[in-house]
1. Could you count how many residues in the range 241-287 are at pLDDT 80 or above and in a helix (DSSP H, G or I)?
2. Quick one: is ALA140 under 27 Å from THR292 (Cα atoms) and not in a helix (DSSP H, G or I)?
3. Only one of (1) at pLDDT below 85; (2) open to solvent by less than 30 Å² (accessible area, probe 1.4 Å); (3) within 28 Å of SER36 (Cβ to Cβ) is not met by GLU153, so which one is it?
4. Name every residue in the range 159-207 that is assigned to a loop (DSSP other than H, G, I, E, B) and touching a Ser or Thr at 6+ places or on another chain (Cβ under 7 Å), in order of residue number.
5. What number of residues in the range 239-275 are in contact (Cβ under 8 Å) with a residue 60 or more places away in the chain, of a type in the set (S, T, N, Q) and more than 29 Å from GLY34 (Cβ to Cβ)?
6. Determine if the range 110-124 includes at least one residue that is within 21 Å of ILE275 (Cα to Cα), of a type in the set (S, T, N, Q), open to solvent by 80 Å² or more (accessible area, probe 1.4 Å) and part of a loop (DSSP other than H, G, I, E, B).
7. Can you name every residue in the range 172-208 that is surrounded by fewer than 21 Cβ atoms within 10 Å (Cβ to Cβ), farther than 19 Å from GLY240 by Cβ and touching a Lys or Arg at 6+ places or on another chain (Cβ under 9 Å)?
8. Return the pairs, sorted by first residue and then second, in which the second residue is among the aromatic types (Phe, Trp, Tyr) and open to solvent by less than 10 Å² (accessible area, probe 1.4 Å), the first residue lies in the range 38-59 and is in a helix (DSSP H, G or I), the beta carbons are less than 7 Å apart, and the residues are 6+ apart or on different chains.
Amino acid sequence: MAKNNVFQGVVYVGLGAASYGMLATFVKLAYTEGYSTAEVTASQILLGLLGMFIIFSFQKNKKGAQMAKASVSNRLSLVVAGTSMGFTSVFYYMAVKYIPVSIAIVLLMQTVWMGVLLEWMLNKKAPSGKKIIAVLIVLAGTVLATNLINSAEAPSFVGIAWGLAAAASFTATMFAGNSVATHLTAPNRSLYMLMGSAVIVLAFTIITWKGSFDASIFLRWGIPLALFGTVLPPLLLNAGFPKTGIGLGSIVSSIELPVSVSMAYVILSEPVNIIQWMGIGLILGAVVLLNTGKQC
């Protein structure tokens with residue numbers, strides 16, 4: 001039974017991470033059709049929020065009094081934590097405007113060393129030798145995966161800045177997601193976090209509004225973006241991590257990187273050479289190194 005639970009967890013986490021990996025390609029396709037970042041993010045968060053509310057309402061009607069209730073403090077904490085999700089979406093989608101998807105996802109994976117740094121700051125304890133080695137491997141892999149060595153033209157500095165900002169906010173999301181109101185169900189926690197995310201995304205939409213909003217984005221790209229970026233991932237990851245544990249779950253979730261690069265290669269025809277694949281392999285290897293053997 002235990003092995004079956006672990007296998008189920010691996011499937012859930014893998015599908016959740018793969019869903020995230022598809023997002024950037026959808027966003028890039030929406031950009032080619034003339035939609036703005038504000039239109040993309042707003043359609044995703046509003047439809048995603050509606051979908052999560054429906055799921056939560058269904059679960060509440062089914063379980064009723066058996067569900068743990070969220071206190072006012074729980075709700076406020078989750079809403080505040082959810083703002084980092086909104087920043088991640090905005091920053092990441094801005095990065096995709098300036099740099100290829102294959103480079104944007106590599107920058108997002110810098111959460112590996114950012115997480116180590118944040119842990120050091122919060123716990124006031126220097127990282128272990130294994131973590132330092134993993135960070136160095138990630139940095140080396142990033143140089144290769146972004147093709148900085150062989151490229152005659154460096155990637156857009158603006159795009160790199162947005163990508164690193166997305167990684168920083170995503171690091172905050174992961175820490176908040178693993179520590180805030182964890183006694184609540186996945187749909188309940190996700191719903192309130194999405195409310196916080198919606199505040200940031202809608203504020204961005206208002207600030208960047210140019211007097212028009214193409215509502216066709218809701219039917220054209222809003223549904224797949226909401227499904228694969230806002231509804232499925234949090235539900236699948238929150239259902240899978242308790243079964244796999246953080247270590248195995250982190251390894252499985254790194255499938256987001258090759259899925260995203262492969263989608264960009266196949267659908268967007270973005271060039272990805274052998275050196276870049278080697279860099280991606282190094283980053284994945286660093287994730288495995290951090291989450292296997294003796295934890296420290």
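The values are calculated or read from the model by the stated rules, or taken from the named source; none is laboratory data. Quantities reported herein were computed from a predicted structural model and do not represent experimental measurements. So basically every Cβ, Gly included, is an ideal-geometry build from the backbone, and we count neighbours across all protein chains shown. With ligands, DNA and RNA removed, areas are computed over all heavy atoms of the protein, side chains included. Shrake-Rupley method; radii C 1.70, N 1.55, O 1.52, S 1.80 Å.
1. Going residue by residue through the range 241-287, those that are at pLDDT 80 or above are 255-286.
Those left that are additionally in a helix (DSSP H, G or I): 256-267, 274-286.
Residues meeting the conditions: 25.
2. Values: under 27 Å from THR292 (Cα atoms): yes; not in a helix (DSSP H, G or I): no.
No.
3. For GLU153, the failing item is (2).
4. First, pick out the residues of the range 159-207 that are assigned to a loop (DSSP other than H, G, I, E, B): 178-185.
Within the range 159-207, VAL180, ALA181 qualify.
5. 4
6. Just the residues of the range 110-124 that are within 21 Å of ILE275 (Cα to Cα), to begin with: 110, 112.
Those still in the list that are of a type in the set (S, T, N, Q) too: 110.
Retained after the next criterion (residues that are open to solvent by 80 Å² or more (accessible area, probe 1.4 Å)): none.
Looking through the range 110-124, none of the residues is within 21 Å of ILE275 (Cα to Cα), of a type in the set (S, T, N, Q), open to solvent by 80 Å² or more (accessible area, probe 1.4 Å) and part of a loop (DSSP other than H, G, I, E, B).
7. If the condition is that a residue be surrounded by fewer than 21 Cβ atoms within 10 Å (Cβ to Cβ), farther than 19 Å from GLY240 by Cβ and touching a Lys or Arg at 6+ places or on another chain (Cβ under 9 Å), then MET195 is the only one that fits.
8. VAL40/TYR93; THR41/TYR93
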